[in-house]
1. Note the full-extension length gain between M144 and F87 as 0.36 nm times their separation in residues minus their Cα-Cα distance, in nm to one decimal.
2. Residues with beta-carbon under 14 Å from that of T11, excluding T11: net charge, scoring Lys, Arg +1 and Asp, Glu -1?
3. Tell me, F271, F5 in order of fewest to most beta-carbon neighbours within 10 Å?
4. Please figure out what share of the DSSP beta bridges in the chain is antiparallel and state it in percent, rounded to the nearest 5.
5. Taking the chain as a Gaussian network, where each spring joins two C-alpha atoms under 10 Å apart, which residue of I212, I177, I226 fluctuates the most?
6. Any chance you could list the semi-axes, whole Å, largest first, of the equivalent ellipsoid that the Cα gyration tensor gives for the stretch 209-252, using √(5λ)?
7. I'd like the GluC sites (Glu not before Pro) in the stretch 166-246 restricted to DSSP loop residues with at most 10 other Cβ atoms within 10 Å, sorted by number.
8. Got a sec? How would K105, K272 order by Cβ neighbour count within 10 Å, fewest to most?
Amino acid sequence: MNQLFDKHGRTINYLRLAITDRCNLRCQYCMPEAGNKFVERKQLLTFKEMYRITRVLSELGVNKVRLTGGEPFVRHDFMNFLEMLSFNENLDEINITTNGVLLPKYLEEIEKLQKIKSINLSLDTLKSDRFETITRQDSFSKVMESFNFLKSSKKIKLKLNFVVQSDVNTDEIINFIELTKNENIAVRFIEEMPFNGIGQKDFNQLWDFKTILAHIQGHYSDINPIESTKSSTSVNYQIPTYKGTFGIIPAFTRTICNDCNRIRITSTGMFKNCLFDEGVFSVRDFLRNGANDQDLKELFINTVHHKPENGFVAEQNRNNLNISESMSNIGG
Ligand code: SAM
Ligand code: SF4
């Protein structure tokens with residue numbers, strides 16, 4: 001029985017947990033070339049702490065977890081943690097968001113874990129030189145290896161995360177939709193947000209939800225909207241006869257907040273009710289000060305109750321109104 005409700009009538013059953021703040025890429029839209037100020041290791045949640053937090057949340061009704069970062073696979077022993085988490089019988093799904101660079105060597109092992117139903121692979125281009133410009137690393141072939149394996153996996157659903165970047169990769173939007181012609185993959189176009197460690201950029205053209213959709217409609221005479229789950233982060237479509245689907249995530253224009261079912265915990269253990277809040281409390285410090293599971297449960301129930309109505313309200317409530325944290329610290 002779910003016990004996590006907010007005062008706007010929403011039920012929370014989905015946790016996004018950041019495994020680390022570190023990453024082996026330096027995507028331009030996520031962090032500066034020199035990287036972020038990565039925290040000392042002892043400030044990161046340990047895997048035991050992550051396991052305990054997830055267990056307690058799952059006893060309150062969370063049945064779906066997404067593991068993200070930073071790059072989850074750069075943290076030593078991540079595979080053991082994945083296995084450990086798979087034994088939590090309250091969880092129906094454990095999904096992962098990854099840049100795919102270190103994934104190839106773990107893919108076969110991951111396929112054997114029943115609860116891993118989908119992997120979101122971040123891929124913003126199919127051109128190797130452009131990949132290097134965007135990520136500032138020469139790892140395109142590794143990511144393509146992961147892509148090729150996942151697209152033929154019978155068990156793991158492949159979703160591609162494509163951040164739509166003005167003047168950088170908008171000319172590839174249609175190429176990515178064409179990937180769904182013969183493959184059952186879900187491409188998701190994400191509005192770029194100023195979570196890049198620097199702050200808002202000046203764009204020549206704002207590629208928001210409407211612009212992205214209009215661009216696609218300019219290429220296809222027929223696009224079918226698809227019924228999605230109520231709490232889906234993307235608005236989804238399909239080109240008739242195509243095997244896969246595509247979706248647009250209004251991450252920045254925030255038109256999907258009404259049905260939000262998510263909470264986040266950052267790699268340092270900050271609890272976030274919303275992507276746009278600054279972090280509501282440190283679960284890590286609470287645990288390290290001796291909180292028991294019942295204390296944790298009460299804290300989660302009370303905090304979720306005050307989840308802001310939407311991302312705009314969360315943003316207004318911030319002490320620091322300048323959004324400039326990196327997505328790798330927040331946990332994308
Ligand atoms: N390193 C992993 C990866 O890239 O998939 C997981 C963490 S990353 C922060 C999670 C997702 O956030 C990625 O799909 C990435 O493209 C997206 N992301 C990062 N910075 C973003 C930004 N400024 N605006 C929109 N999406 C962003
Ligand atoms: Fe790393 Fe993911 Fe951020 Fe790219 S988007 S720098 S891969 S954390």
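1. Length gained, M144 through F87: 17.5 nm.
2. Values: positive: K7, R10, K64, K230, R262, K307; negative: D6, D259.
Counting the neighbours of T11, the net charge comes to +4.
3. Sorted ascending by nearby Cβ count, the order is F5, F271.
4. Numbers: 11 of 43 bridges.
Within the chain, antiparallel bridges account for around 25 percent of the total.
5. Residue with maximal mean-square fluctuation among I212, I177, I226: I226.
6. Here the semi-axes work out to 17, 15, 7 Å.
7. Here the GluC sites (Glu not before Pro) that fit, given the DSSP loop and packing criteria, are E227.
8. Lowest to highest Cβ neighbour count: K105, K272.
The numbers here are math on the coordinates, done by the rules we state, and not lab data. Everything quoted here is computed from the prediction, not taken from an experiment. Using ideal geometry, Cβ is built from the backbone for each residue, glycine included, and neighbour counts are taken over all protein chains shown.
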